[in-house]
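Participant: Supplied in structure tokens, the structure appears directly below.
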Amino acid sequence: MAKLETYKEAFDRAGISRRDFLRFCSYAAALAGIEAAGLSKVVYAFENKPRPPVVWLHFQECTCCSESFIRSSHPLVADVLLNKLSLDYTETLQAAAGHQAEKCLQDTIKNFPGQYIVLVEGSVPMAGDGAYCMIGGRSAEDILLETTKDAAAVIAWGSCASNGCIQSANPNPTNATPIHEIIDKPVIKVPGCPPIADVMTGVVTHVLVFGKLPELDGQGRPKEFYSRRVHDTCYRRPYYDAGLFVEAFDDEKARKGYCLYKMGCRGPVTYNACSVTRWNEATSYPIQSGHGCLGCSENGFWDNGPFYQHLASFPGFGIESTADTIGTAVGVAAAVGVAAHAVTTNIRKRGQIKEAKEESVNSSTNSEGGDQ
Amino acid sequence: MANKSVAFHRIYVWEFPVRMYHWVNALCVTVLIVTGFLIGKPVAISYAGEAYQQYWFGTVRFIHFVTAFIFFFNFLVRIYWGFVGNEFARWQNFLPFKSNQMKEMGEVLKVDILQTDVKGKISVGHNALAGLIYFLSFLVFLFQSVTGFALYSSMSSSFLPGLFKWVVPLMGGDFAVRQWHHMFMWFFVVFILIHVYLVFYHDYVEGRGTTSSMIGGWKFEKESDGN
């Protein structure tokens, strides 16, 4: 097993000053949610901990996760993580190509078992023996299984690797599968299409600083970023509680910035940090720009359409049918049935009712004073 | 005309806890449907004004949540009463799979759908068909409680909703839970329509005081039918 250099050694080699090193440490500490008092521990960790090699795998994806990552608001962190970090293998950014590139991957797996971190972007097609996604003549499943076998930690980048995203949307022709269903190691899921850059750097930083997985929720997502709904921290939330809703895009209410709930906003059912961290150096996020949340970090969000209404269309009844249209139809049918039944009752049961009435007359005349 | 003097005797069918349960449940379900429907599809009742001046949607949701808790505990009371109540309240009424109950179910189906005359005797408590339908509706109550608490768990730190957190990943996220919760709301709408009608219908064709029995608890039975 090869010896790993520490972050400090790597930084010194790259000519990064101590001042910049400390700045990096405090950014990293802030991203991982560490309090100020804990900063010295972070500095100590980066000075003394070995720097783990990182492997970034790309399968069925659109590279929007990578694009998001390199637009992190803290360029220093992203730069350090990408360039100065030991990013041994990543198809889109590495200089090496062909057999050279594949050799880098093999070397990392062989030389640093149990020490390297695997970041996976994209889902894995399981149909057709994996023929829908082959790299270097091997299937995505094959590469994933081999690479993650001895990994220290596995992070699923984006909705593809976490939930399958658009590839796994109905009818899912390639049987695109999220990675936690393929490997039996714990997977940190960082869903989103793409995930927020600062959340991505935050998660990587956490793993690097602490050398262990962050606390995860029931669905395997880091609690520090996915424990609250977009809705809970939305700046338009007061309009929701006040019952002030946008009724149509570009109406007066939209101009006033009312809640987009009736425009199909998925904020109330979406767990993400968008309304806290925002996007593009905390400039804005979809709701702030006047468009509802699509719920891109939620499982199966492509199949929950249409995006501009709250209820998904009801399968088998055409695109416009929701649970409400069908419910109304069933309700009206029941009411009509009941009315028709009431009418026919009086016709069909004439005899019985007449008999009962006769009984009633008889009993009142025959037993004056009533029977007990 | 034959002189057919018919004597009826009174039977105390629905004990107080059963009647109480019924009306609390009826009220809760009505409130839950109305508020639930508003939450799913809020009406535009206010245009002017700033957000800090009103809180009506928050209030609607609050009513929905409080009513849901009452509904849930009321449901638990009814389940308990199914084990300690009288013979008409017992849980056996809701799993009518004994041969005589199956036979009665066929009989009630004939009376209700084909509108044949009532032959023989229909149970003075829940008839077998009603019992089965109520059992299915209990399953829907349970489903609505579970999905409702699961949705509520993300905005609450209290114990009871927290018990149902696991439902969300199981059903594939809040969106799906919300969708199912909404869909089953329509069960209650249709149930109320048919239930109320059939009560009136059976009251009419049997003449045993079905409707008023849920207020006073008494039903009437012909002496000749007596048990």
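Participant: Identify all residues within the range A:127-151 that are buried (at least 19 other Cβ atoms within 10 Å of the Cβ) and among the small types (Gly, Ala, Ser); write none if there are none.
Facilitator: Start the filter on the range A:127-151 by keeping residues that are buried (at least 19 other Cβ atoms within 10 Å of the Cβ), which leaves A:130, A:132-133, A:139-141, A:143-144, A:147-148, A:151.
Correct list: A:Gly130, A:Ser139, A:Ala140, A:Ala151.
Participant: Would you check if B:Arg61 is more than 9 Å from chain A (Cβ to nearest Cβ) and either within 26 Å of A:Lys253 (Cα to Cα) or among the charged types (D, E, K, R) (or both)?
Facilitator: Details: more than 9 Å from chain A (Cβ to nearest Cβ): no; either within 26 Å of A:Lys253 (Cα to Cα) or among the charged types (D, E, K, R) (or both): yes.
No, not satisfied.
Participant: Would you please name the residue that is nearest to the other protein chains (Cβ to nearest Cβ), looking only at residues in the range A:193-228 that are within 13 Å of the chain's Cα centre (by Cα) and under 14 Å from A:Ala28 (Cα atoms)?
Facilitator: My answer is A:Val199.
Participant: Let me ask something else about it. In the range A:338-348, how many residues are more than 13 Å from B:Tyr204 (Cα to Cα) and in contact with a helix residue (DSSP H, G or I) (Cβ under 8 Å, 6 or more places away or on another chain)?
Facilitator: 1
Participant: In the range A:288-303, what residues are part of a helix (DSSP H, G or I) and surrounded by 24 or more Cβ atoms within 10 Å (Cβ to Cβ)?
Facilitator: Let us first name the residues in the range A:288-303 that are part of a helix (DSSP H, G or I), namely A:301-303.
Of everything in the range A:288-303, just one residue is part of a helix (DSSP H, G or I) and surrounded by 24 or more Cβ atoms within 10 Å (Cβ to Cβ), namely A:Phe301.
Participant: Could you tell me whether B:Phe37 is hydrophobic (A, V, I, L, M, F, W, C), touching an Asp or Glu at 6+ places or on another chain (Cβ under 7 Å) and within 14 Å of chain A (Cβ to nearest Cβ)? Break it down into steps so the answer makes sense when it comes.
Facilitator: Values: hydrophobic (A, V, I, L, M, F, W, C): yes; touching an Asp or Glu at 6+ places or on another chain (Cβ under 7 Å): no; within 14 Å of chain A (Cβ to nearest Cβ): yes.
Answer is no for this residue.
Participant: Now for a different question. If only one of A:Lys212, A:Lys223 is without any contact (Cβ under 8 Å) to a residue 60 or more places away in the chain, surrounded by fewer than 19 Cβ atoms within 10 Å (Cβ to Cβ) and touching an Asp or Glu at 6+ places or on another chain (Cβ under 6 Å), which one is it? Before you say what the answer is, go through the steps one by one.
Facilitator: Values: A:Lys212 fails: touching an Asp or Glu at 6+ places or on another chain (Cβ under 6 Å).
Just a single option satisfies the conditions, and that option is A:Lys223.
Participant: If you check B:Phe164, B:Phe188, which single one turns out to be in a loop (DSSP other than H, G, I, E, B) and of a type in the set (Phe, Trp, Tyr)? Reasoning before the result, please.
Facilitator: Values: B:Phe188 fails: in a loop (DSSP other than H, G, I, E, B).
Going through B:Phe164, B:Phe188 in turn, the sole match is B:Phe164.
Participant: Ok, one more. I'm trying to understand the selection: among the residues of the range B:87-119, which are within 13 Å of chain A (Cβ to nearest Cβ), part of a helix (DSSP H, G or I) and of a type in the set (Lys, Arg)? It would help to see each step written out before you state the result.
Facilitator: Within the range B:87-119, the subset within 13 Å of chain A (Cβ to nearest Cβ) is B:110-119.
If we keep only those that are part of a helix (DSSP H, G or I) too, we end up with B:110-114.
Passing the criteria: only B:Lys110.
Participant: For the range B:34-73, enumerate the residues that are in contact (Cβ under 8 Å) with a residue 60 or more places away in the chain and aliphatic (A, V, I, L, M).
Facilitator: B:Ala68
Participant: Can you tell me how many residues in the range B:74-120 are in contact with a Ser or Thr (Cβ under 8 Å, 6 or more places away or on another chain) and of a type in the set (A, V, I, L, M, F, W, C)?
Facilitator: Residues that pass the stated criteria total 1.
Participant: Which of the residues belonging to the range A:215-229 are touching a Lys or Arg at 6+ places or on another chain (Cβ under 7 Å) and assigned to a loop (DSSP other than H, G, I, E, B)? Even if it seems obvious, please write down each step before you answer.
Facilitator: Let us first name the residues in the range A:215-229 that are touching a Lys or Arg at 6+ places or on another chain (Cβ under 7 Å), namely A:215-221.
Matches in the range A:215-229: A:Glu215, A:Asp217, A:Gly218, A:Gln219, A:Gly220, A:Arg221.
Participant: Say whether the condition of being acidic (Asp, Glu), more than 10 Å from chain B (Cβ to nearest Cβ), within 24 Å of B:Gly49 (Cβ to Cβ) and assigned to a loop (DSSP other than H, G, I, E, B) is met by at least one residue in the range A:251-266.
Facilitator: Of the residues in the range A:251-266, the ones acidic (Asp, Glu) are A:251-252.
This time we only want the ones that are more than 10 Å from chain B (Cβ to nearest Cβ), so: A:251.
Narrowing further to those that are within 24 Å of B:Gly49 (Cβ to Cβ): A:251.
Applying the additional criterion that residues be assigned to a loop (DSSP other than H, G, I, E, B) yields A:251.
So far as the range A:251-266 goes, yes, one or more of its residues are acidic (Asp, Glu), more than 10 Å from chain B (Cβ to nearest Cβ), within 24 Å of B:Gly49 (Cβ to Cβ) and assigned to a loop (DSSP other than H, G, I, E, B).
Participant: Okay, moving on. Is there a residue in the range B:144-160 that is exposed (fewer than 14 other Cβ atoms within 10 Å of the Cβ), at pLDDT 85 or above and in a helix (DSSP H, G or I)?
Facilitator: Yes: the range B:144-160 contains one or more residues that are exposed (fewer than 14 other Cβ atoms within 10 Å of the Cβ), at pLDDT 85 or above and in a helix (DSSP H, G or I).
Participant: Give me the pairs: first residue in the range A:240-256 and at positive phi, second residue of a type outside the set (Phe, Trp, Tyr) and surrounded by 16 or more Cβ atoms within 10 Å (Cβ to Cβ), beta-carbon distance under 7 Å, and six or more apart or on different chains, which are they?
Facilitator: Listed by first residue and then by second, the contacts come to A:Gly243/B:Pro42; A:Gly243/B:Gln54.
Participant: A further question on this structure: Exactly one of these conditions fails for A:Lys223: (1) out of contact with any Leu (no Cβ under 7 Å at 6 or more places or on another chain); (2) under 23 Å from B:Met171 (Cβ atoms). Give me its number.
Facilitator: Tallying (1) out of contact with any Leu (no Cβ under 7 Å at 6 or more places or on another chain); (2) under 23 Å from B:Met171 (Cβ atoms), A:Lys223 fails exactly one: (1).
Participant: Testing B:Ala176 on (1) facing another protein chain (nearest Cβ under 7 Å); (2) buried (at least 20 other Cβ atoms within 10 Å of the Cβ), one condition comes back false. Which one is that?
Facilitator: (1)
Participant: Still on this model: I need the full set of residues from the range B:182-194 which are within 16 Å of the chain's Cα centre (by Cα) and either closer than 12 Å to A:Asp324 by Cα or without any contact (Cβ under 8 Å) to a residue 60 or more places away in the chain (or both), in order please. First the steps, then the outcome.
Facilitator: To start, the set of residues in the range B:182-194 that are within 16 Å of the chain's Cα centre (by Cα) comprises B:184-194.
Across the range B:182-194, the qualifying residues are B:Phe184, B:Met185, B:Trp186, B:Phe187, B:Val189, B:Val190, B:Phe191, B:Leu193, B:Ile194.
Participant: So the check is Cβ under 7 Å with 6+ separation or different chains; which pairs have a first residue in the range B:155-172 that's within 10 Å of chain A (Cβ to nearest Cβ) and a second one that's charged (D, E, K, R)?
Facilitator: B:Val168/B:Asp174
Participant: Could you figure out which of (1) in contact with a strand residue (DSSP E or B) (Cβ under 8 Å, 6 or more places away or on another chain); (2) surrounded by fewer than 23 Cβ atoms within 10 Å (Cβ to Cβ); (3) away from every other protein chain (no Cβ under 14 Å); (4) not in a loop (DSSP other than H, G, I, E, B) isn't true of A:His180?
Facilitator: Condition not satisfied by A:His180: (3).
Participant: Kindly establish whether A:Tyr285 is surrounded by fewer than 16 Cβ atoms within 10 Å (Cβ to Cβ) and away from chain B (no Cβ under 11 Å).
Facilitator: Here the answer is no, as A:Tyr285 does not meet what is asked.
The values are calculated or read from the model by the stated rules, or taken from the named source; none is laboratory data. The structure presented is a predicted model; accordingly, all values stated were derived computationally and were not measured. All Cβ positions, glycine included, derive from the backbone under ideal geometry; neighbour counts span all protein chains shown.
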